[in-house]
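Q: Please see the structure below; I have some questions.
Bear in mind these aren't lab numbers, they're just calculated from the coordinates by the rules spelled out. Remember, predicted model here, so these are calculated numbers, not experimental data. Ideal geometry is used to build each Cβ from the backbone, glycine not excepted, and the neighbour counts take in all protein chains shown.
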Amino acid sequence: MANKKNGQLRDIWRRLKRNRLAMVGLVILILIVLVAIFADVIAPYPYDLQNYSDVKQWPSSKYIFGTDNFGRDIFSRVIYGTRVSLQIGFISLSVGALVGSIFGAIAGYFGGWVDTVIMRFTDILMSIPKIVLAIAIASTLGPGLVNAMIAVAISSIPNFARVVRASTLTVKDQEYIEAAIAIGAGNSRVIFRHIFPNILAPIIVQATLGVGVSIILAASLSFLGLGVEPPTPEWGAMLSAARTYIRDEWYMVLFPGLAIMITVLALNLLGDGLRDALDPKLKN
């Protein structure tokens, strides 16, 4: 069994390596994660250090990305912002994926009124644009890092619920599921030990693509003043603070915007590559 799984992983990795854009996305994502981990080493200044003698300095050898209206080094804040943005993206997406996957698996496995109740509630959430739903939740809970993560997590639940329900419906009538039920396996064991391991592929793809969406949602909340509060560096909050100076000091919005764009692009490239690599129809 272990050899079979190792063989499947090697096949997936081989197909992924053939996708050049996916590998570019993977390399960029690894570099971004390393930047977040070693932010204390890479950043030349503390992210909250204010130097009023160097307010609104254009990019130079001293300040690579320039300084903001408080004299803070934008490069250092972008570097530290990587840590905050990835934290929001990965943690909120993980919570949303876990909750949504459990509800989706329960709906697909039991069917009947359970499926109807869960999926109609999911339909209600999906009928509301993600950003509007996140704004409503963040407005209710108030600004802050944790509340922003909760808002983003809740807004990501419906997508996972639908994906997992559809995948559960395709595998629940398979012979190995019937065999597990015949030998007396309980419902929870069937779902977590037999169904989930066989529907991981669409969950992984949805999660990879969803992290980028979560980062954009978190940045949008911070831009509107409903996310991370200053002086904590977060890309959306940096854009919000710099929008007043966009006409004369446009570099203040350029670099946080590029950070968001590059990170989301890398995640989308990797997600598309994983979708192709995990597609059984593409096996040789």
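Q: Could you give each residue of the range 96-108 its phi-based ³J(HN,Hα) in whole Hz, using Karplus coefficients 6.51, -1.76, 1.60 with θ = phi - 60°, and x for Gly or Pro?
A: Result, ordered by residue: x, 5, 5, 5, x, 5, 5, 5, x, 5, 5, 5, x Hz.
Q: Can you give the Kirkwood hydrodynamic radius for the range 1-120, in Å, rounded to one decimal and based on Cα pairs?
A: 18.7 Å
Q: Hey, another quick one. Which one, THR170, VAL27, PHE103, projects farthest toward the positive side of the charge dipole computed for the range 16-172 from Cβ point charges (K/R +1, D/E -1)?
A: Farthest towards the positive pole: THR170.
Q: Follow-up. Could you give me the ³J(HN,Hα) list for the range 260-266, computed from phi with Karplus coefficients 6.51, -1.76, 1.60 and θ = phi - 60°, whole Hz, x at Gly and Pro?
A: Working through the residues one at a time gives 4, 4, 5, 5, 5, 4, 4 Hz.
Q: Placing unit charges on C-beta atoms (Lys and Arg positive, Asp and Glu negative, everything else neutral), compute the dipole magnitude of the chain about its Cα centre in debye, rounded to 20.
A: Around 920 debye, computed over the chain.
Q: Moving on to the next point. Between exposed chymotrypsin sites (Phe, Trp or Tyr not before Pro) in the chain, where DSSP calls loop and at most 12 other Cβ atoms lie within 10 Å, what's the longest gap?
A: Counting at most 12 other Cβ atoms within 10 Å as exposed, the longest clean stretch of the chain is 39-249.
Q: In bins 10 Å wide, starting from 0, what share of all Cα pairs of the chain does each bin hold, as a percent?
A: Computed distribution, short to long bins: 7, 24, 28, 22, 12, 5, 1, 0.
Q: Related question: If you place +1 on the Cβ of every Lys and Arg and -1 on the Cβ of every Asp and Glu, how big does the dipole about the Cα centre of the range 119-207 come out, in debye to the nearest 20?
A: 140 debye
Q: Rounded to the nearest 20 Debye, what is the dipole magnitude of the range 44-157 about its Cα centre when Lys and Arg each give +1 and Asp and Glu each give -1 at the C-beta?
A: For the range 44-157, the charge dipole is close to 160 debye.
Q: Where does the chain land at 222 nm, in deg cm²/dmol rounded to the nearest 500, when only DSSP H runs of n ≥ 4 count, each adding -39500 (n - 2.57), divided by all residues?
A: About -23500 deg cm²/dmol.
Q: Now for a different question. Note down the net charge around TYR251, summing +1 for each Lys or Arg and -1 for each Asp or Glu among other residues with Cβ under 15 Å from its Cβ.
A: Local net charge: +1.
Q: Taking only pairs that are 8 or more places apart or on different chains, how many Lys pairs in the chain have Cα atoms under 29 angstrom apart?
A: Summing the qualifying lysine pairs gives 12.
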